[in-house]
Amino acid sequence: MENPLELIIEKLSGTQEGETISYIDGIYSELGEAQKKWYEESGFTCTDGCGSCCHNFEPDLLESEVLYMAAWIISFDEQKAKQLAEGDVERFFPAAEDEGVTSKTCIFYNHKNPYHCSIYGGRPFICRLFGASGAKDKNGKLCWKPCKFYPAEKLAQFKVPLTHRQYNLEEVQSIFGTSPPVMSDVMEKVVNNNPGKTETVPLRKILPETIRRLYWILSLTANSSS
C-alpha cells in the first residue's frame, strides 16, 4: 500500500513546497536510521510512559518543518487538518484536556498515545532530536548528556552507572560502543538546503496557515491539465 505522504509529495511535484517536503522526508529517514542504531547498540532509550518533554513546551518551527508537518497531517488525519485550517487551534486542541495532565502541553500531546504525540510521524526536529542526539563541545567534538528527565535511579542501573553530566566522545564510545547523531550536523543539512530561511515561528501560529497554503496548491494541481 502506497504511503499517503508520498501521494501528497507526488501531487506537489514541481513546486518548491513539494521539493522541501521531500527533502525533509529524506532527512527524517536518515536521522531515524542513525537513532535506531544508537538505540539498539547503546540500549539507551526513553523510559516508558515519560512524555515529560511535551510538558510546558511547544516548538517553534522552521518553514521546512511546518511544511512537512502540514503535509503529514493532511495525509494521515484529514479531519484534524481541516480543523486546524479553520485556525481555531485552542478550540480543537485545548492545552491540557487529558485526564491526569496538570501542566500546559503541546497541542498534539496525548497521554493515552504510547509515544504521547498524536502526530508522531510528522513531529519536528526538536522532538526527534531531544534526548536522542549529541552536541558538539568547544573543540567541535561530539559530547552527550543524558536527558534531564531520565530518572537518576535508572541511569545508575547501566553497566557503567551514569549521572546527569556531560560525557565526551571517548567516554560515550567506551560506555556504549557507539555514539548518537549530532544535533547541529542534522540542522546544518536543513539550513544549507534552504539558506536564508532560518527564522522560526510558533507552531500554533504557523501551522494553520501552512495547511491552508498546501490545500490551495493541491487544489491548483488537481485542476491543472498540465
Going by the structure shown, is S75 modelled with pLDDT of 95 or more, under 19 Å from the mean Cα position of the chain (by Cα) and not basic (K, R)?
-> yes
Looking at (1) in contact (Cβ under 8 Å) with a residue 12 or more places away in the chain; (2) farther than 30 Å from K136 by Cβ, which is the only condition F176 fails?
-> (2)
Condition broken by G177, with the remaining ones in (1) closer than 20 Å to Q35 by Cβ; (2) surrounded by 11 or more Cβ atoms within 10 Å (Cβ to Cβ) satisfied = (2)
Scan region 14-24 for residues that are in contact (Cβ under 8 Å) with a residue 24 or more places away in the chain and over 18 Å from P124 (Cβ atoms) and jot them down.
-> T15
(1) under 30 Å from Q79 (Cα atoms); (2) out of contact with any Cys (no Cβ under 9 Å at 6 or more places or on another chain) all hold for F108 apart from (2)
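A quick yes/no check of all residues on (1) in a loop (DSSP other than H, G, I, E, B); (2) crowded, with 20+ Cβ neighbours inside 10 Å:
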site: T20; (1), (2): no, yes
site: E30; (1), (2): no, no
site: Y39; (1), (2): no, no
site: C46; (1), (2): yes, no
site: E58; (1), (2): yes, no
site: M69; (1), (2): no, yes
Before we move on, is E63 in contact with a strand residue (DSSP E or B) (Cβ under 9 Å, 6 or more places away or on another chain) and modelled with pLDDT of 90 or more?
-> yes
Residues in region 181-192: is at least one part of a loop (DSSP other than H, G, I, E, B), under 24 Å from the mean Cα position of the chain (by Cα) and under 20 Å from G140 (Cα atoms)?
-> yes
With K112, K197 as the choices, which residue is open to solvent by 80 Å² or more (accessible area, probe 1.4 Å), in a loop (DSSP other than H, G, I, E, B), touching a residue at least 24 places away in the same chain (Cβ under 8 Å) and farther than 16 Å from F44 by Cα?
-> K197
Is there a residue being surrounded by 15 or more Cβ atoms within 10 Å (Cβ to Cβ) and at pLDDT 90 or above anywhere in region 85-93?
-> yes
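The values are calculated or read from the model by the stated rules, or taken from the named source; none is laboratory data. Computed from a predicted model, the values in this text were never measured in an experiment. Note that each Cβ is placed from the backbone with ideal geometry, even for glycine, and that neighbours are counted across all protein chains shown. Quick note on the areas: whole protein, heavy atoms, side chains included, nothing else; ligands and nucleic acids left out. Shrake-Rupley method; radii C 1.70, N 1.55, O 1.52, S 1.80 Å.
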